[in-house]
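**Student:** I'd like to ask some things about the structure below.
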Amino acid sequence: MDRGMNKVVLVTRETRLQELIRKYNTMEQARFYMEHLGADFSDYLREDKNYREAVEKAAAAAEKYARVQRISRDFLPNMLFGEKDIVVAIGQDGLVANVMKYLNGQPLIGINPDPARWDGILLPFEAGQAEETLVKTLAGNYTAKEITMAQASTRDGQCMLAVNDLFIGHRSHVSARYDITWNRAREHQSSSGIIVSTGLGSTGWYRSVITQAAGIARVFLGQELRAERLRWDDDRLIFVVREPFPSRSTKTDIVFGEIGESDDFRILSQMSGNGVVFSDGIEADAIEFNAGTEVTIRRAPRKGMLVVA
């Protein structure tokens, strides 16, 4: 295996300890602040130690077989991945989802740095398995799951992908006003925003909204409601409107449904300011969704490739 022909991009994130040190300048000040609040600072130290050890173990394994480039999650929007790069994300599930949006068919390996702490639905490997997994991936002898992504696009060319879900609404989550179109149906709405979920995201934010609806139906109607769980590679998306408000000028007929390949699903903002579209819970990276902006939601043209074996 020619090491020089292979490239592994190792994506990391800050630990809670690193974030505290950046905020309070020194370890001592961070410790004083957390212990003053009654927090267990030793837990922050353990988490940081486990994470650093996992990163170094994975990096050492990769350097045997490939050139290694380390980047922080913060630099993902500016990163140009090579067609044959292999990408390794070490962190929580959210990091894997965040990385996947910037890839175009490159295999993505998710490594759980602290299995006792994180469940790791998208992290099938531990640091000790990094070498074996990389060897198989470099040889093309691996199994990957396809993951459907959602895409939000505007008329002026802005585009955003989502691995779990998209949120369309007001930045502060107060009432958002917009016109929603779903195929031949169209209405003006006021709500706490719209969530569009992928199959992977159907166990996340979307599930919490459905759980609330099921609880209300059980109390008032005496009925048990169960939502279908989509496969990770299902080409359908599911949308749900949060807390739609009926009034003389707003309707609540379009509150839940599927977005298939041939479906037309669009939202036109009627807000003067603070409207946003963001994905996977990352509000800092958002499309402005103010008056006159129309966003079209559909399945993304490409899928993520998560290495699982």
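The values are calculated or read from the model by the stated rules, or taken from the named source; none is laboratory data. Quick caveat: nothing in here was measured; it's all calculated off a predicted structure. Note that we place each Cβ from the backbone using ideal geometry, even for glycine, and neighbour counts take in every protein chain shown. All accessible areas refer to the heavy atoms of the entire protein, side chains included, with ligands and DNA or RNA removed. Shrake-Rupley method; radii C 1.70, N 1.55, O 1.52, S 1.80 Å.
**Student:** When only Cα pairs under 8 Å and 6 or more residues apart are kept, what is the percent relative contact order across the range 78-137? If you can, show how the numbers build up before the last one.
**Tutor:** On the way: 72 pairs, mean separation 18.9, N = 60.
Relative contact order comes out at 32 percent.
**Student:** Turning to a different aspect of this structure: Using a cut-off of 16 Å between alpha-carbon atoms, which aspartates and glutamates can reach Lys145, once sequence neighbours fewer than 8 places away in the same chain are excluded?
**Tutor:** Straight-distance partners of Lys145: Asp93, Asp233, Asp234, Asp235.
**Student:** Oh, and also: Given Asn25, Asn78, Thr15, which one lies farthest toward the positive end of the charge dipole of the range 12-120, if we put +1 on the Cβ of every Lys and Arg and -1 on the Cβ of every Asp and Glu?
**Tutor:** Selected residue: Asn78.
**Student:** Can you give me the % of accessible surface on the chain that is carbon or sulfur? Probe 1.4 Å, all protein chains present, nothing else counted. Show your work: numbers first, answer last.
**Tutor:** Values: 7600 of 15920 Å².
Of all accessible area on the chain, carbon and sulfur atoms account for 48 percent.
**Student:** Over the chain, one equal point on each Cα, no solvent: what is log10 I(q)/I(0) by the Debye formula at q = 0.07, 0.09, 0.16 Å⁻¹?
**Tutor:** -0.33, -0.54, -1.26
**Student:** Moving on to the next point. Using only alpha carbon pairs under 8 Å that are at least six residues apart, calculate the relative contact order of the chain and give it in whole percent.
**Tutor:** Working: 651 pairs, mean separation 60.1, N = 309.
So the answer I get is 19 percent.
**Student:** Using a cut-off of 13 Å between beta-carbons, work out the net charge of the residues near Asn164 (Lys and Arg +1, Asp and Glu -1, Asn164 not included). Working shown, then result.
**Tutor:** Working: positive: Lys101, Arg207; negative: Asp93, Asp165, Asp280.
Residues close to Asn164 contribute a combined charge of -1.
**Student:** For a distance above 17 Å, tell me the whole-number percent of Cα pairs in the range 188-309 that qualify. Each step should come with its number before you reach the end.
**Tutor:** Details: 4769 of 7381 pairs.
Result for the distance tail: 65 percent.
**Student:** What are the semi-axes of the equivalent ellipsoid of the range 253-309, taken as the square roots of 5 times the eigenvalues of the Cα gyration tensor, listed largest first and rounded to whole Å? Let's see the in-between values first.
**Tutor:** Values: eigenvalues 129, 65, 20 Å².
Whole-Å semi-axes of the equivalent ellipsoid: 25, 18, 10.
**Student:** A further question on this structure: What accessible area per residue comes out for the range 180-226, rounded to a whole number of Å², with a 1.4 Å probe? Each step should come with its number before you reach the end.
**Tutor:** Details: 2550 Å² over 47 residues.
Accessible area per residue: 54 Å².
**Student:** Here's a follow-up. ³J(HN,Hα) across the range 14-21 via Karplus (A = 6.51, B = -1.76, C = 1.60, θ = phi - 60°), whole Hz, x for Gly/Pro?
**Tutor:** These are the phi-based 3J(HN,Hα) values: 6, 7, 4, 5, 4, 5, 5, 5 Hz.
**Student:** Can you sort Lys23, Lys145 by 1.4 Å-probe accessible area, starting with the largest? Intermediate results must be reported in sequence, preceding the final value.
**Tutor:** Values: Lys23 135, Lys145 95 Å².
I get Lys23, Lys145, largest accessible area first.
**Student:** For the range 20-60, what is the convex hull volume of its Cα atoms per residue in Å³? Please list the in-between numbers first.
**Tutor:** Details: hull volume 2.6 nm³, N = 41.
Dividing the Cα hull volume of the range 20-60 by its residues yields 63 Å³.
**Student:** Calculated FRET efficiency, Ile71 and Arg231, Cβ-Cβ r, R0 35 Å, to nearest 0.05? Mind dumping the intermediate values first?
**Tutor:** Numbers: r = 31 Å, r/R0 = 0.88.
That gives a FRET efficiency of 0.70.
**Student:** Counting only heavy atoms of the protein chains, get the accessible area per residue of the range 49-161 (1.4 Å probe) and round it to a whole Å² value.
**Tutor:** Values: 5500 Å² over 113 residues.
Value returned for the range 49-161: 49 Å² of accessible area per residue.
**Student:** A further question on this structure: In whole Å, how far is the Cα centre of the range 46-98 from that of the range 204-244?
**Tutor:** Value for the Cα centre distance between the two parts: 34 Å.
**Student:** Based on the alpha carbons, how large is the Rg to Rh ratio for the range 7-106 when Rh follows Kirkwood? If you can, show how the numbers build up before the last one.
**Tutor:** Details: Rg = 15.9 Å, Rh = 15.0 Å.
My calculation puts Rg/Rh at 1.06.
**Student:** Oh, and also: Translational diffusion coefficient of the range 77-188 at 20 °C, 1.002 mPa s, Stokes-Einstein with Kirkwood Rh over Cα pairs, in µm²/s as a whole number. Please report the intermediate quantities before stating the final value.
**Tutor:** Details: Rh = 16.8 Å.
Translational D for this selection: 127 µm²/s.
**Student:** Right, another one. Roughly how tilted is helix 205-221, in degrees to the nearest 10 and between 0 and 90, from the longest Cα axis of the chain?
**Tutor:** Tilt relative to the chain: about 40 degrees.
**Student:** Indicate the gyration tensor shape class of the range 238-281 (rounded, prolate or oblate), computed on the Cα atoms with a ≥ b ≥ c the square roots of the eigenvalues: a/c under 1.5 is rounded; otherwise a/b larger than b/c is prolate and the rest oblate.
**Tutor:** Working: a/c = 1.73, a/b = 1.15, b/c = 1.51.
Because a/c hits 1.5 or more and a/b fails to exceed b/c, the range 238-281 counts as oblate.
**Student:** Right, next: From the helices alone, meaning DSSP H stretches of at least four residues, give me the mean residue ellipticity at 222 nm for the chain, per-run term -39500 (n - 2.57), in deg cm²/dmol to the nearest 500. Walk me through the numbers on the way to the answer.
**Tutor:** Working: 6 runs with 76 residues, N = 309.
Here the helix-only value at 222 nm equals -7500 deg cm²/dmol.
**Student:** Using only Cα atoms and rounding to the nearest 10 degrees, what angle (0 to 90) does helix 27-36 make with the longest principal axis of the chain?
**Tutor:** The helix 27-36 is inclined about 50 degrees to the chain.
**Student:** Separate question: Kindly write out, for the range 124-133 in residue order, the coupling ³J(HN,Hα) from the Karplus curve 6.51 cos²θ - 1.76 cosθ + 1.60 (θ = phi - 60°), rounded to whole Hz, with x marking Gly and Pro.
**Tutor:** Result, ordered by residue: x, 10, 9, 4, x, 9, 4, 5, 4, 5 Hz.
**Student:** Turning to a different aspect of this structure: When the label point is put 7 Å from the Cα of Ala214 along its Cα-to-beta-carbon vector, which residues of the range 131-167 have a backbone N closer than 13 Å?
**Tutor:** none
**Student:** As a test question: what accessible area, to the nearest 10 Å², does Arg242 have when a 1.4 Å probe is rolled over all protein chains in place?
**Tutor:** For Arg242, solvent-accessible area is about 50 Å².
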